[in-house]
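What follows is a set of notes on a single structure, which appears directly below.
The values are calculated or read from the model by the stated rules, or taken from the named source; none is laboratory data. A quick note: this is a predicted structure, and the numbers were derived from the prediction, not measured. Counting neighbours? That spans all protein chains shown, and the Cβs are built from the backbone with ideal geometry, glycine included.
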Amino acid sequence: MFEKLKAGFSGLVNKITTVELEAKTLQPILNDFKLTLVENDVAFPVSEKIATEMEKRLNRIEVKRLEDRKEFIRKNLHEVLLEILSKGREIDLLEMVEEQKRKGEPLIIVFVGINGTGKTTSIAKIAKLFMKRGFMVVLACSDTFRAGSIEQLEEHAKRLGVRMIKHSYGADPAAVAFDAIKHAEAHGMNVVLIDTAGRIQTDKNLMNELAKIKRIVNPDLTLLVIDALTGNDAVMQAEEFHTCVGIDGTILTKVDADTKGGSALSVAYVTGKPILYIGIGQTYEDLKRFDPEQFTNMILK
């Protein structure tokens, strides 16, 4: 994973190690590095932020020994990256569901994103995560637009052994979500996971429909599912969904196949919201909690 991003950061450390830590020598190296980041799906504002911060931190700093200098550069890079990745409040789904359980209410999560990102599969993985901890889950198919969407979620529900609430195609998506919440409340269920139709982020009518679902069900969380392999388009999706609908966090899918790695940095920065989980495979177990510290250590090692 992220081999190209790792190589880019490694190259930066090696180059800076060999020059005087002054603006005039740092700037050409950092300008080249910005291009490397952009080539690896890091959004330009993020690459600019990293380069600017590093110049500020390193300019006119005296570090005598070569190895000390390498470590000093890595340490500062680590801090800058961690700041970018740790934006937004920390969200722990299991703590949230426990809190809702104490109040006698289900945890309601709406999932948004465009078609093909792995949204429905991610919902099934999150359902499995809750079920392993003993929580009762109900799925809601509020995607009444795309052909096959009901059957797809229904298949996941059967495999997991959970209830799914559905209406017919063309039905009001908000009504499906509302019925799922009422079902959960009536049966003492802990979690409602709501699938929505995949929206092209520039389709205002469909985005307004998403906003309507949110108004009616008032979810505890709205999570955006993004395919890490879509590169810079992931950034545009994140910005547009956050502006139009408002998201609380992100799930990045197909991370196991991502050689670049820039999407993680970019999405966290442009939304100011945390990445909660990453998808690393096709099974229900292939969902990993995203740890900014671990990610940073991995790309800088």
Q. (1) more than 22 Å from Arg159 (Cβ to Cβ); (2) crowded, with 18+ Cβ neighbours inside 10 Å: which one isn't true of Ala257, the others all being true?
A. (2)
Q | Some residue of region 166-182 being under 21 Å from the mean Cα position of the chain (by Cα) and assigned by TED's automatic domain parsing to the domain that holds Glu105 | A | no
Q. With respect to Asp286, is the statement that it is under 27 Å from Leu5 (Cβ atoms), surrounded by fewer than 23 Cβ atoms within 10 Å (Cβ to Cβ) and touching a Gly at 6+ places or on another chain (Cβ under 8 Å) true?
A. yes
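When only residues in region 215-248 that are within 20 Å of Asp172 (Cα to Cα) and buried (at least 19 other Cβ atoms within 10 Å of the Cβ) count, which is modelled with the lowest pLDDT? Don't jump to the end; show me each part of the working.
Of all residues in region 215-248, those within 20 Å of Asp172 (Cα to Cα) come to 215-219, 222, 244-245.
Now restrict to residues that are buried (at least 19 other Cβ atoms within 10 Å of the Cβ): 217, 219, 222, 244-245.
Working: Val217: 93, Pro219: 96, Thr222: 96, Cys244: 83, Val245: 87.
Selected residue: Cys244.
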Q.
For region 18-35, check the following and say yes or no: at least one residue is at pLDDT below 85, of a type in the set (D, E, K, R), touching a helix residue (DSSP H, G or I) at 6+ places or on another chain (Cβ under 9 Å) and under 23 Å from Ile280 (Cα atoms).
A. no
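Among the residues of region 106-121, is any among the small types (Gly, Ala, Ser) and more than 16 Å from Ile251 (Cα to Cα)? Please lay out each step first, then the result.
Step one: filter region 106-121 for residues among the small types (Gly, Ala, Ser), giving 113, 116, 118.
Remaining after also requiring more than 16 Å from Ile251 (Cα to Cα): none.
There is no residue in region 106-121 that is among the small types (Gly, Ala, Ser) and more than 16 Å from Ile251 (Cα to Cα).
Per-residue answers, yes or no, for (1) closer than 11 Å to Ala140 by Cα; (2) β-branched (Val, Ile, Thr); (3) at pLDDT below 90; (4) outside the structural domain of Lys128 (by TED's automatic domain parsing):
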site	(1), (2), (3), (4)
Glu155	no, no, no, no
Ile200	no, yes, yes, no
Asp203	no, no, yes, no
Ala211	no, no, yes, no
Q.
Quick check on Leu224: is it in contact with a Lys or Arg (Cβ under 9 Å, 6 or more places away or on another chain), aliphatic (A, V, I, L, M), closer than 18 Å to Gly113 by Cβ and outside any helix (DSSP H, G or I)?
A. yes
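This table checks each residue for (1) in contact with a strand residue (DSSP E or B) (Cβ under 7 Å, 6 or more places away or on another chain); (2) farther than 22 Å from Thr271 by Cβ.
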position: Met96; (1), (2): yes, no
position: Gly104; (1), (2): no, yes
position: Val110; (1), (2): yes, no
position: Ile123; (1), (2): yes, no
position: Leu153; (1), (2): yes, yes
position: Lys158; (1), (2): no, yes
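So, in region 122-138, how many residues would count as being over 21 Å from the mean Cα position of the chain (by Cα) and not basic (Lys, Arg)?
Here is the first cut: in region 122-138, the residues over 21 Å from the mean Cα position of the chain (by Cα) are 131-138.
Filter once more, so that each one left must be not basic (Lys, Arg): 131, 134-138.
Adding up the residues that qualify gives 6.
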Q. Which of the residues spanning region 106-130 are modelled with pLDDT of 95 or more and either more than 17 Å from Ile194 (Cβ to Cβ) or part of a loop (DSSP other than H, G, I, E, B) (or both)?
A. Pro106
Q: Could you tell me which numbered condition Ile299 fails, if it satisfies all but one of (1) in contact with a helix residue (DSSP H, G or I) (Cβ under 6 Å, 6 or more places away or on another chain); (2) in the same structural domain as Glu151 (by TED's automatic domain parsing); (3) farther than 23 Å from Ile150 by Cα; (4) crowded, with 20+ Cβ neighbours inside 10 Å?
A: (2)
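Does Lys24 count as assigned to a helix (DSSP H, G or I), more than 21 Å from Val235 (Cβ to Cβ) and of a type in the set (Lys, Arg)? Show your work before the answer.
On the way: assigned to a helix (DSSP H, G or I): yes; more than 21 Å from Val235 (Cβ to Cβ): yes; of a type in the set (Lys, Arg): yes.
Yes; evaluated as a whole, the condition is true for this residue.
Does Leu94 fit the bill of being under 16 Å from Val217 (Cα atoms) and of a type in the set (A, V, I, L, M, F, W, C)? Spell out how you get there, then give the answer.
Numbers: under 16 Å from Val217 (Cα atoms): no; of a type in the set (A, V, I, L, M, F, W, C): yes.
Answer is no for this residue.
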